[in-house]
Ligand code: DX5
Ligand code: ZN
């Protein structure tokens, strides 16, 4: 059964407490938090004060996805505001190995995200060091985009690489994910499914989350 990670980017920020309390009642084990800097991606989302607020409202795992340049500048700060899993982009990290070690030294799980154009094999030399591989199934920056079909192939390639290297890595898929593709994604090897609009635009988000866990 996949872990569902609703993405707060699609929540109602005027009613953030209500939306987090709704997730607390749901079967979702993680909460996905998208941090965008307007440089790495063409959009700015939210940062530390929002994450700290959410951490105070929930016991769920806080899964922080950094879409920022030079993410190594803020590793201890994200730990302080409550991040449990901290994911940086391969494309934004010049010294990825050092950054991964720094995240783990802070006691967080370390993730690496790949843009749709970045092949899985670039992680061959780092796969044993990481806890999570986030495969972007849209170009990062915005919620509500269409799922890129090539992602299915990348999940299979990621599962093969993890297996070949005897590594222990969760595969997460992010962007355009919902009840329509969740079962196929988890059957191919996805362990964590991020869903923004599919959850928060639904009449009954709790049902959508449960639906996505069936495979
Ligand atoms: C996009 C973000 C996603 C986004 C997903 O850059 O990384 O986490 O919130 O939103 P949906 O599920 O609506 O595509
Ligand atoms: Zn994300």
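Within the range 187-211, the set of residues being over 21 Å from residue 62 (Cα atoms), touching a residue at least 12 places away in the same chain (Cβ under 8 Å) and either within 16 Å of ligand 2 (Cβ to nearest atom) or assigned to a helix (DSSP H, G or I) (or both) comprises 187, 188, 211.
For the range 127-157, filtered to residues that are part of a helix (DSSP H, G or I) and within 21 Å of residue 109 (Cα to Cα), the residue that is nearest to ligand 2 (Cβ to nearest atom) is 155.
Table: residues versus (1) modelled with pLDDT of 95 or more; (2) at negative phi; (3) in contact with a strand residue (DSSP E or B) (Cβ under 9 Å, 6 or more places away or on another chain).
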{"site": "59", "(1), (2), (3)": "yes, yes, no"}
{"site": "89", "(1), (2), (3)": "yes, yes, yes"}
{"site": "112", "(1), (2), (3)": "yes, yes, yes"}
{"site": "132", "(1), (2), (3)": "yes, yes, yes"}
{"site": "141", "(1), (2), (3)": "yes, no, yes"}
{"site": "156", "(1), (2), (3)": "yes, yes, no"}
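Among the residues making up the range 35-47, a single one is within 15 Å of the chain's Cα centre (by Cα) and in contact (Cβ under 8 Å) with a residue 60 or more places away in the chain: 36.
In the list 154, 214, 164, which residue meets the criterion of being exposed (fewer than 15 other Cβ atoms within 10 Å of the Cβ) and either under 30 Å from residue 46 (Cα atoms) or touching a residue at least 24 places away in the same chain (Cβ under 8 Å) (or both)?
Working: 154 fails: exposed (fewer than 15 other Cβ atoms within 10 Å of the Cβ); 164 fails: either under 30 Å from residue 46 (Cα atoms) or touching a residue at least 24 places away in the same chain (Cβ under 8 Å) (or both).
From the options 154, 214, 164, the qualifying one is 214.
The values are calculated or read from the model by the stated rules, or taken from the named source; none is laboratory data. Model, not experiment: these values are computed from the prediction. Note that we place each Cβ from the backbone using ideal geometry, even for glycine, and neighbour counts take in every protein chain shown.
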